[in-house]
Amino acid sequence: MSSQPHSTPARIELRLHELNQLFNSMDPSPFFDKDLDEDAEEFIVGWAEELPHDRPLELVVYLAKPPDCATTFGREDAQRTGDDPQPLVQESVQNYFAHKMAHARREFSQLMRRGRTSLLIGLLFLAACLTISRLFDVEEPTTFFFRESLIIVGWVAMWRPLEIFLYDWWPIRARWKLYRRLSAMTARV
């Protein structure tokens, strides 16, 4: 059984009637900065998640009818690339996922900042609860209840920072890495 070399791109194939289906028709941005259609993005991201992570990605777009580059891209972009849609499609797809990657990176940074702030608040609150709990007499049943309650409340205050630093960052980091792979993806039409 032979395995493919790691430099061979993992292929995502997309079949469309026309090239405009790849992009969000409501987005008025210039072609190279347009958002992808929601369904197309979901399809591409879904396939990329399933493909080997150690190989570069390649998007191959099959069209039922050839694109009219002047209509699809605008005259200026069509003249810049000749009548070959591939460079503009690749630039557009890479730009789109580069924006998504930057957004995920900002989201990750904000989560870590919120985690650090939550950790500081949680530690200060825990320290206060532990300090106050020492003022209660352990032998007295009523004060024992308040003492233990303060200790529990102090540790519960640590729940959110621990949740952030143990669990919440993983999916954002994975999405960031996936978008980084997609932003480097080559495209063929």
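The values are calculated or read from the model by the stated rules, or taken from the named source; none is laboratory data. Nothing here was measured: the structure is a model prediction, and the numbers come from that model. Positions of Cβ are generated from backbone atoms using ideal geometry, with glycine treated the same way; all protein chains shown enter the neighbour counts. Accessible surface areas use protein heavy atoms only, side chains included; no ligands, DNA or RNA. Shrake-Rupley method; radii C 1.70, N 1.55, O 1.52, S 1.80 Å.
Computed over the alpha-carbon pairs of segment 75-171, the distance histogram in 5 Å steps reads 2, 12, 13, 11, 9, 8, 7, 6, 6, 5, 5, 4, 3, 3, 2, 2, 1, 0 percent, short to long.
Calculate what fraction, in whole %, of the accessible area of segment 108-189 sits on carbon and sulfur atoms when a 1.4 Å probe is rolled over the protein chains. Here carbon and sulfur together make up 69 percent of the probe-accessible area. Per-peptide packing, taken as the mean over residues of other Cβ atoms within 10 Å, places 95-108, 125-138 in the sequence 95-108, 125-138 from highest down. Set the Cα radius of gyration of segment 139-189 against 2.2 N^0.38 Å, with N its number of residues, and you get 2.34.
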